[in-house]
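For reference, the structure is listed below as structure tokens.
Every read-out reported here was derived from the displayed coordinates using simple, explicitly stated rules and does not represent laboratory data. Note that the structure is a prediction, hence the values are computed from the model and not measured. Because the Cβ atoms are built from the backbone with ideal geometry, glycine has one as well, and the counts that use them run over all protein chains shown.
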Amino acid sequence: MDRREIAALLAYIGRLDPRTIRTDPGEARDQLAQWHELLGDVPMATPHGWDARVTARQHIRVSPYQILPADIARPWESYRRDRLQRHTDPTPSVDPDDQAAWTAELVGTRRSVATGSAQPAQYRQITHRRIDPKLKARLREVGSCIPPEARAALAPYRRARAAREAAIAQGSPDALSVPCEWCKAPVGEPCRRRRIGLDGGARGSTPRAPHPSRVDLAVHRAQQPALS
């Protein structure tokens, strides 16, 4: 708050608690200087839940003691701490190879959250929040979030996925783009090899190559636009 905002806050507090009013010009000037020194980095209000007047009114309403600058500064620090604890750094939209820009965006986002200018980004927003258009454009540019070198290094450990990606690259339809009518695997999930015991219960369910009927269905779906 600047000096004008501090003066407005003191005037508001004085209407609620006349004990804070200073009638002597020298005392009023000293009070204004003291409050500005202690609350200069505290905003009057933010778009997301902080208002120094509400804090002052709450203190005067429940406490018999005259309000002090610390009675506003303490709730403000709690407000900042709570927001930062609930914040998880979203991925910056800049080039990750530009360390200075990457760090600057992280710091700027944290500062906006701490000062109440932006809402904390929480874990649930990883799946529910709207994708940043800059990130979407960059993903479109590189083609995949996994670099080709890393994909090649992982291929020996992900043989089924590597075979699927190779088949798609050669123009074959993606069998996992359709559900399997045989083992009931949903779209995107591999087929399962199920073993049934003598009592009729399942004894195992291990991933396997797509069932032939699923491959046929994927081929049929891929050919439909060409036939129409």
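To the nearest ten degrees, helix 133-142 and the longest principal axis of the Cα atoms of the chain are 30 degrees apart. Sequence-distant contacts, meaning Cα pairs under 8 Å at least 6 residues apart, place the relative contact order of region 41-104 at 20 percent.
Within the chain, the longest run free of exposed loop sites, counting chymotrypsin sites (Phe, Trp or Tyr not before Pro) that sit outside DSSP helix and strand states (H, G, I, E, B) and have at most 11 other Cβ atoms within 10 Å, spans 124-228.
Angle of helix 52-62 to the longest C-alpha principal axis of the chain, folded into 0 to 90 degrees and rounded to 10: 70°.
How tilted is helix 159-169 with respect to the longest principal axis of the chain? Cα atoms for both, answer in degrees (0 to 90, nearest 10). Tilt relative to the chain: about 80 degrees. Here the relative contact order of region 148-227, from alpha carbon pairs under 8 Å that lie six or more residues apart, stands at 25 percent.
Taking trypsin sites (Lys or Arg not before Pro) as exposed when DSSP calls them loop (any state but H, G, I, E, B) and at most 11 other Cβ atoms lie within 10 Å, what is the longest stretch of the chain free of them, the sites themselves excluded?
My reading of the result: 1-123 is the longest stretch.
Against the set (i) 1, 7, 15, 20, 23, 18, 10, 4, 1, 0; (ii) 1, 5, 9, 10, 9, 8, 8, 7, 7, 6, 5, 4, 5, 5, 5, 3, 2, 1, 0, 0; (iii) 1, 7, 14, 17, 18, 13, 8, 6, 5, 4, 3, 2, 1, 0, the structure's computed P(r) over Cα pairs in 5 Å bins from 0, in percent falls on (ii). In plain terms, the chain from Tyr157 to Arg4 could stretch by 48.6 nm, reckoned as 0.36 nm per residue minus the Cα-Cα distance.
Taking the helices alone, the chain has a mean residue ellipticity at 222 nm of -16500 deg cm²/dmol, built from -39,500 (n - 2.57) per DSSP H run of at least 4 residues and averaged over all its residues.
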